[in-house]
Amino acid sequence: GLTIKVTDDVPSIEANDTATAAATTLAVNEANFVQDATINVANMFTVDAGNDGQQSLAYTFDTSELTATKAWVNNTWSDVTLDTSTAGVVKGLVGTTEVYKISVAADGTVTFDQSVALKHAGDTAHAADTDVLELTGLKVVATLTDNDNDVDTAEIGLTIKVTDDVPSIEANDT
């Protein structure tokens with residue numbers, strides 16, 4: 001008899017050349033907690049859903065290699081723990097105090113919102129804007145699902161650079 005074989009195509013997603021170290025870095029300065037850092041990672045992935053068509057494209061985080069740090073809470077340096085209980089959100093906490101929140105929206109926008117000072121390397125004095133703490137090991141994972149539920153994933157690493165603010169004092173001319 002006649003045998004007809006149909007091969008299912010599968011979706012494909014991968015990080016592309018725009019996912020450079022510079023493009024995947026969020027930078028904030030502790031001198032201004034109101035100013036969040038944002039980037040959009042959607043264009044850093046090449047997406048091909050195949051002939052089955054795209055059912056969904058979702059972004060999440062992989063925090064398994066995210067570096068730990070300390071934060072200034074209740075007049076002491078304390079270890080920051082990670083809360084990943086909400087999809088697409090990573091909270092750095094000291095007890096119940098939120099130190100920072102990293103979120104990824106459905107459109108691929110990643111936001112870093114810092115609310116408490118972080119411990120920078122060294123305990124010596126330094127000039128303003130020269131001491132930068134890098135939080136590394138955070139990955140954005142993009143999951144592409146086609147209309148017959150075939151899935152492919154890709155990831156890109158992010159770096160968050162937090163510039164330390166420093167106190168200043170000046171003598172009056174009086």
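Just a few scattered comments:
- Share of alpha-carbon pairs per 10 Å distance bin for the chain, given as whole %: 9, 31, 27, 16, 9, 4, 2, 1, 0, 0, 0
- Applying the Karplus relation 6.51 cos²θ - 1.76 cosθ + 1.60 with θ = phi - 60° to the range 82-91 yields 3J(HN,Hα) values of 9, 10, 10, 6, 9, 4, x, 9, 10, 10 Hz, where x marks Gly and Pro.
- For Ala31 and Thr86, the difference between the fully extended length at 0.36 nm per residue and the C-alpha to C-alpha distance is 17.0 nm.
- Neighbour count of at most 16 Cβ within 10 Å plus DSSP loop: longest GluC sites (Glu not before Pro)-free window in the chain: 66-169
- Spin-label pair Ala21/Lys161, simplified geometry with 7 Å Cα→Cβ offset, distance in nm: 1.0
- For the range 53-70, 3J(HN,Hα) per residue [Karplus equation, 6.51 cos²θ - 1.76 cosθ + 1.60, θ = phi - 60°, Hz, x = Gly/Pro]: x, 7, 8, 7, 9, 10, 10, 9, 10, 10, 9, 4, 10, 5, 5, 8, 8, 10
- Cβ-Cβ FRET estimate between Thr111 and Asp62, R0 fixed at 25 Å, reported to 0.05: 0.90
- For Ala117, the amide hydrogen comes within under 5 Å of the amide hydrogens of Trp72, counting only partners 5 or more places away or on other chains and with H modelled in the peptide plane.
- Each peptide in 3-11, 137-145 was scored by the mean count of other Cβ atoms within 10 Å over its residues; highest first, the order is 137-145, 3-11.
- Taking a point 7 Å from the Cα of Thr153 along the Cα-to-Cβ direction, the residues of the range 77-97 with backbone N closer than 19 Å to it are 83-91.
- Inter-label distance for Lys119 and Thr136, nm, one decimal - labels placed 7 Å from Cα along Cα-to-Cβ: 2.0
- Using the Cβ-Cβ distance between Ser12 and Asn43 with R0 = 25 Å, the FRET efficiency computed as 1/(1 + (r/R0)^6) comes to roughly 0.95.
No value in this document is a laboratory result; all are computed from the given coordinates. Just so you know, these numbers come straight off a predicted model, no measurement behind them. Neighbour counts run over all protein chains shown; Cβ positions are idealised from the backbone, glycine included.
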